[in-house]
1. Quick check: with the 1.4 Å probe, what order do Trp260, Trp197 take by accessible area, largest first?
2. What is the Cα centroid distance between the range 164-217 and the range 19-60, reported in whole angstrom?
3. Applying the Karplus parametrisation 6.51 cos²θ - 1.76 cosθ + 1.60 with θ = phi - 60° to the phi angles of the range 212-226, what ³J(HN,Hα) value in whole Hz is obtained for each residue in order, glycine and proline being reported as x?
4. Please list, in order along the range 40-46, the HN-Hα scalar couplings obtained from phi with the Karplus expression 6.51 cos²θ - 1.76 cosθ + 1.60 (θ = phi - 60°), rounded to whole Hz, x for Gly and Pro.
5. Out of residues 5 or more away from Leu243 or on other chains, whose amide H comes under 5 Å of its own, with H placed 1.01 Å from N in the peptide plane?
6. Taking a ≥ b ≥ c as the square roots of the eigenvalues of the Cα gyration tensor of the chain, is the shape rounded (a/c under 1.5), prolate (a/b larger than b/c) or oblate?
7. Keeping all protein chains in the complex and leaving out DNA, RNA and ligands, what accessible area do you get for Tyr149 with a 1.4 Å probe, in Å² to the nearest 10?
8. What length, rounded to one decimal in nm, is gained on full extension from Ala106 through to Leu238, with 0.36 nm per residue of separation minus their alpha-carbon distance?
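The values are calculated or read from the model by the stated rules, or taken from the named source; none is laboratory data. What you are looking at is a predicted structure, and each value in this text was computed from that prediction instead of being measured. Virtual Cβ from ideal backbone geometry, glycine too; neighbours counted across all protein chains shown. Only protein heavy atoms, including side chains, enter the accessible area calculation; ligands, DNA and RNA are left aside. Shrake-Rupley method; radii C 1.70, N 1.55, O 1.52, S 1.80 Å.
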Amino acid sequence: METRELRYFVAVAEELHFGRAARRLGIAQPPLSRAIGQLERRLGVTLLERTSRGVVLTEAGAVLLREGLAALDAVDAAARRTRRAAAGRPSLVLVTKAGASSELLAKLLDAYAAEPGAVTVDVQLCGPGEQERLLRDGRADVALLHRPYDSTAGFDTEELATEGQVAVLPAGHPLTVEARVRMADVADLPGLPMPRWPCPDGTYPEGPGPAVRDHAQLLQLIALGRASAVLPDSVRPLLRDDLAVVPVVDAPRVTTVIAWPPHSRSLALAGLVRTATGL
């Protein structure tokens with residue numbers, strides 16, 4: 001298969017409409033239809049069921065969509081890392097969720113900078129769930145991910161820390177006098193709904209809570225008495241005086257891992273991972 005064919009197929013599979021896919025790709029619809037037909041003949045399978053309203057993915061098509069996205073990410077990653085290697089400045093790009101594991105990240109950067117042969121580490125802060133995509137498509141070399149919220153499938157990983165979670169509430173809320181609470185106590189607090197984080201496609205799930213992009217926005221909404229949240233215990237250093245936390249005894253524990261592509265042979269990356277596991 002050619003990468004062009006895969007990009008064409010992914011566009012149709014995601015749009016589920018040849019016309020919209022053609023506009024997205026900037027090509028006419030007839031050559032797009034011919035390319036998909038040629039791909040199906042070469043593979044000997046039906047990838048898309050055509051209907052009067054659009055198209056539907058077959059089981060084979062769903063597999064190719066998943067595998068095709070991974071293949072295209074690998075191609076993009078190879079191109080990006082090749083260009084960076086030619087730039088002549090050894091460096092690593094580390095991506096992490098803004099506001100997460102701040103203390104651990106600061107310790108890691110300081111410890112690694114003191115190692116012989118350390119290279120520049122460019123830190124890229126992103127929104128929830130974005131680290132995985134940046135690592136897969138080559139925009140990042142290494143990431144801090146947080147299970148169970150982030151997927152580590154397909155990456156090599158080392159566990160760095162495991163922590164409990166706390167309910168973050170406006171200071172003075174009646175629950176803040178409790179020594180500990182349970183998830184049921186904070187799930188439906190009157191006037192303090194849980195936030196809605198963006199899905200991978202950028203949309204937000206339905207629900208009563210506010211749509212938030214990052215921790216800074218969320219913490220301000222909590223301080224204003226418009227939301228509450230359950231977050232990893234390491235959020236404490238980021239909190240202002242108008243916020244309070246209470247441990248949530250039955251919340252799932254969060255494990256921070258350092259993750260990288262399994263095919264990497266970077267000595268600089270190996271040094272960073274070694275430093276991280278030694279902390």
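1. Details: Trp260 40, Trp197 70 Å².
Listed by decreasing accessible area, they come as Trp197, Trp260.
2. So the two Cα centres are separated by 42 Å.
3. 10, 9, 7, 5, 4, 5, 4, 5, 5, 5, 5, 4, 7, x, 10
4. After applying 6.51 cos²θ - 1.76 cosθ + 1.60, I find 5, 5, 5, 7, x, 9, 9 Hz.
5. Answer set, sorted by chain and number: Ala171.
6. Taking the square roots of the gyration eigenvalues as a ≥ b ≥ c, the chain is oblate.
7. Surface accessible to solvent at Tyr149 totals approximately 120 Å².
8. Working: separation 132, 0.36 × 132 = 47.52 nm, distance 1.34 nm.
Stretched fully, the Ala106-Leu238 segment lengthens by 46.2 nm.
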